[in-house]
Amino acid sequence: MEASRRVRPRGVTVLAIVAVVAGLFDLVLTVLLATSRSGTIPIGRGNEVQGEPALLIVVAVAWFAFAYGAWTLRPWGWYLGLAIAGLIGVAAIINGTFLAVGIALLIASYLLRAGVRTAFGR
């Protein structure tokens, strides 16, 4: 079935919109980190965000690519969504952010549903 004739599930639409927001957030972080003298951004109560701006640009591009692939139901978008969910899960486990592990598992389990796979042509 051609991608333009498939019906995009509502959850895929939500994921595509969330991916655009995540990509924009990463771009804002990139600018803030690149312009920070210390290479960190304070986020209150002694916590701070640090990172490599070049890596954040790559992550933002991945989010935007997934958003496009999900919105247009490209088969590669399905694979990219699973890859992003896996990377989120691994990074969350390394950082001890267990809420993010749950979110990654929810994204992956949703993308693996039969109707969603079919919508992507998988």
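Tabulated data
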{"read-out": "Modelled FRET efficiency - R0 22 Å, residue 58 with residue 98, Cβ distances, 0.05 increments", "value": "0.35"}
{"read-out": "Principal-axis tilt of helix 10-35 within the chain, Cα atoms, nearest 10 degrees", "value": "20"}
{"read-out": "By average C-beta atoms within 10 angstrom, highest first, the peptides 64-71, 97-104", "value": "64-71, 97-104"}
{"read-out": "In order through the stretch 109-122: 3J(HN,Hα) via Karplus (6.51 cos²θ - 1.76 cosθ + 1.60), integer Hz, x for Gly, Pro", "value": "5, 5, 5, 7, 5, 4, x, 6, 4, 4, 4, 7, x, 9"}
{"read-out": "Portion, in percent, of the accessible area of the chain that falls on carbon or sulfur, probe 1.4 Å", "value": "69"}
{"read-out": "Average accessible area per residue (Å²) across the chain - probe 1.4 Å, nucleic acids and ligands excluded", "value": "64"}
{"read-out": "C-alpha long axis of helix 53-71 to longest principal axis of the chain, angle in °", "value": "20"}
{"read-out": "Hydrodynamic radius (Kirkwood) for the chain, which is based on Cα pairs only, to one decimal in Å", "value": "15.4"}
{"read-out": "For the stretch 83-100, Karplus couplings with θ = phi - 60° (6.51, -1.76, 1.60), whole Hz, Gly/Pro x", "value": "5, 5, 4, x, 5, 4, x, 5, 4, 5, 5, 4, 8, x, 9, 6, 5, 5"}
{"read-out": "Dipole moment magnitude, nearest 20 debye, the chain about Cα centre, only Lys, Arg, Asp, Glu C-beta charged", "value": "540"}
{"read-out": "Structure-based [θ]222 nm, the chain - -39500 (n - 2.57) summed over DSSP H runs of at least 4, per residue, nearest 500", "value": "-23500 deg cm²/dmol"}
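The values are calculated or read from the model by the stated rules, or taken from the named source; none is laboratory data. For clarity, every value in this text was computed on a predicted model and none was experimentally measured. Please note: Cβ atoms are built from the backbone with ideal geometry, for glycine as well, and neighbour counts cover all protein chains shown. With ligands, DNA and RNA removed, areas are computed over all heavy atoms of the protein, side chains included. Shrake-Rupley method; radii C 1.70, N 1.55, O 1.52, S 1.80 Å.
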